[in-house]
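Some notes on the structure that comes next.
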């Protein structure tokens, strides 16, 4: 059975402000010094899926930029432009319907556009095994990451070992926990981080939509019936904005009856907020990470990112300092996940020129 890749690239990346903006969301940022995140994702995935069989789902306002920024990697008709942001269930369902109607059944490898993987060979091995299991076991497969610290920013999966198998059965999906509970999960040994990477048959995931999310499936079916006709774009534009907003985790994964999880131990980070720069770049003896034209004086455990100007810190500790072309951010590292509130405040104040 043929394998297809689906890269989800519809997020706004608000926790990466001021680097990430509406016109240049996180997937278009070069944070590692190698390439922009969506290109790194594509190049990594094509070791398991042929490049011509990879799709990118993004917002319609970023479709043209996606094609340009991907620099010939992807065909224009493999960029699926969402008329509205409707969360991951709609995104995945749309891609599944596109593949099934136009190319036939196959194995879908669904990955976010903004992950960092240190060990790409290990990643490829796990994805290839997931493809095999999705076909032979006819089940939903997800990738779980072995926790390296008691994260309160990730969801968790409780797993149960399957006797004589190299995979586990999913017992429960758990939302982001408090730190004390996260520490218990680590000590327990049966919990892994929910990476948001999924592999399954296209036909199977659509069956789950029909059974568990019938209102969404009805919309997808209407869109699918118009595919390949002169009514396709009109139907997509009319129906898609009314698809109920729900994540694939809430809508299907937490309710599905046969989900298996493969352990992924390949140096994974979801690059969720600015403190992920500590994962992407080596630090100095004092625990600092600096990118760009930075000078750090008596500075400890601080992240500095300079885009255009000289950035100097002195006698500070545990900060994130980011300089972009038109804005500067200074915040405690412990508040990295709260940067999105700055975007909300700027919008409230009508400062949309900085968004």
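Nothing in this text is a laboratory measurement; each read-out follows from the coordinates by a stated rule. No experiment lies behind these values; they were computed from the predicted model shown. FYI the Cβ positions are ideal-geometry reconstructions off the backbone, even for glycines, and counts take in every protein chain you see.
Points worth noting:
- Cβ-based exposure ranking for 260, 181, 252, in which fewest neighbours within 10 Å come first: 181, 260, 252
- Across every direction, the projection of the convex hull enclosing the Cα atoms of segment 1-96 has a mean area of 6.3 nm².
- Helix 214-226 and the long axis of the chain differ in direction by around 70°, with both axes built from C-alpha atoms.
- Taking every DSSP bridge with both residues inside the chain, close to 45 percent are antiparallel.
- If you wrap the tightest convex hull around every Cα atom of segment 58-215 and split its volume per residue, you get 154 Å³.
- Here the Kirkwood formula, the inverse mean of 1/r across different C-alpha pairs, assigns the chain a hydrodynamic radius of 21.4 Å.
- Mean separation of Cα contacts under 8 Å, 6 or more apart, over the residue count of the chain: relative contact order %: 19 percent
- Cα long-axis angle, helix 87-103 against the chain (0 to 90 degrees, to the nearest 10): 40 degrees
- With neighbour counts taken as other beta-carbon atoms within 10 Å, the residues 20, 247 rank, fewest first, as 247, 20.
- Rounded tilt (10° steps) of 179-188 against the dominant C-alpha axis of the chain: 60 degrees
- Centroid-to-centroid, using Cα positions, segment 140-158 and segment 167-215 are 8 Å apart.
- Cβ crowding within 10 Å, taken as a proxy for footprinting-reagent exposure, orders 78, 115, 281 from fewest neighbours to most as 281, 115, 78.
- Projecting the alpha carbon convex hull of segment 274-354 along each direction and taking the average yields 5.4 nm².
- Stokes-Einstein D in µm²/s, Kirkwood radius over Cα pairs - segment 87-139 at 4 °C with 1.567 mPa s viscosity: 101 µm²/s
- Label positions at residue 84 and residue 335, each projected 7 Å from the Cα along the C-beta direction, are separated by 3.4 nm.
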